[in-house]
Each structure stands twice: as C-alpha cells, then as structure tokens.
1. Exceeding 29 Å between C-alpha atoms, which entries from my cross-link table qualify? They are K36/K162; K54/K157; K48/K123; K58/K162; K54/K133.
2. Report the normalised scattering of region 8-56 as log10 I(q)/I(0) at q = 0.15, 0.19, 0.20, 0.29 Å⁻¹, calculated by the Debye formula with identical scatterers on the alpha carbons.
Amino acid sequence: MNMIKGETDFLSALESNISILIKIARVYAYTTHDRKDLINDIILELWKSYPKFKGDSKISTWIYRVSLNVALNVKRKRDNNKVLFFDELKVADGSDILEVPTDNSSEIGQLYQCIESLSEQNKAIILLYLDDKSYEEISQILGLSRTNVSTRLNRIKEQLRKQMNPYK
C-alpha cells in the first residue's frame, strides 16, 4: 500500500468516524484522562490493523469492531490491576467533549449513568443501537446472532426504561 495514499485514506476514515471512538470512550472509560488514553489506544490499533482491512464490511463496522475490542481489553487489564489515581478523585470542573454529564436532571446524564450499570456486552449493544446501527451490523460487529441481538436489545431497553422512570 502506498504510504501517502494509505495514510490519507486512514486519516479521512478516522475523521469521518471519530464520533464512534468518542462514544466508546464515554461508555468504557470513567475519567476524561482515561477516555483520552483509550481513544489514543484505539487509534494506534486502528492504524496498525488498517493495512489488513479488505473492505469486506463498511469502514464504520470495522472501526466499531476494533474499537470495542480495544476498549474491552483495556477494561480487562484495568480490572486486573485495580489502582486508584489521585486525578480520579477530583471532580472535573472544565467542559470537555469526553466528559459524561453527571447532572442526573439531564436525560443524557441519567442515560449514561444507567448504561454504566449494564454488562460490558450489553453496553456495546446499546451503544451501537443508539448510533443507529442495524441489528445485522450489531451482530457482525459483536459476533452475535441477529436473534440474540434482538432479544438482548429488547431486554436492555426495558431495563433502561425502568431505571429512567422507576415509577412508571
């Protein structure tokens, strides 16, 4: 692959799909610093595996697959090496694109809090669904059957509905 053309194509694909990385970072990392690190890890892995991308699927599907794998691997490593850093104890006071709203009065903040309570795979499913991915695309990205995706998604939506509106 011509390095200049490959680099240009990669950067263009990354720029067009950066929202995927941001969404995954918001769901799988808990501090702004960790979100930035996760995005950097994802970009590095995307770059390393870009030459292997054959175009058998949409570029966004491939980006989701690689990004979710990196996020889950990072989480696994983090869970195995529980360390509390001082910056995790501070409350962020500046506005940042990677910050998750913590104001429970906002529906977005409340939704992110509810999503955090889901299992790792269910987080991925709802994240893809909220990004308007079809059941087929979700099944391809996560390696689940379409039926399994449909069933899980119905259960996830019901669980989130109950958490968001406990008195209904």
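Rule-based calculations on the coordinates, nothing more; no lab input. Computed from a prediction, not measured in an experiment: that's the story for all the values here.
1. On the way: K36/K162 32 Å; K54/K157 34 Å; K48/K123 26 Å; K58/K162 34 Å; K54/K133 21 Å.
Result: K36/K162; K54/K157; K58/K162 exceed 29 Å.
2. Reported log10 I(q)/I(0), two decimals: -0.42, -0.64, -0.69, -1.11.
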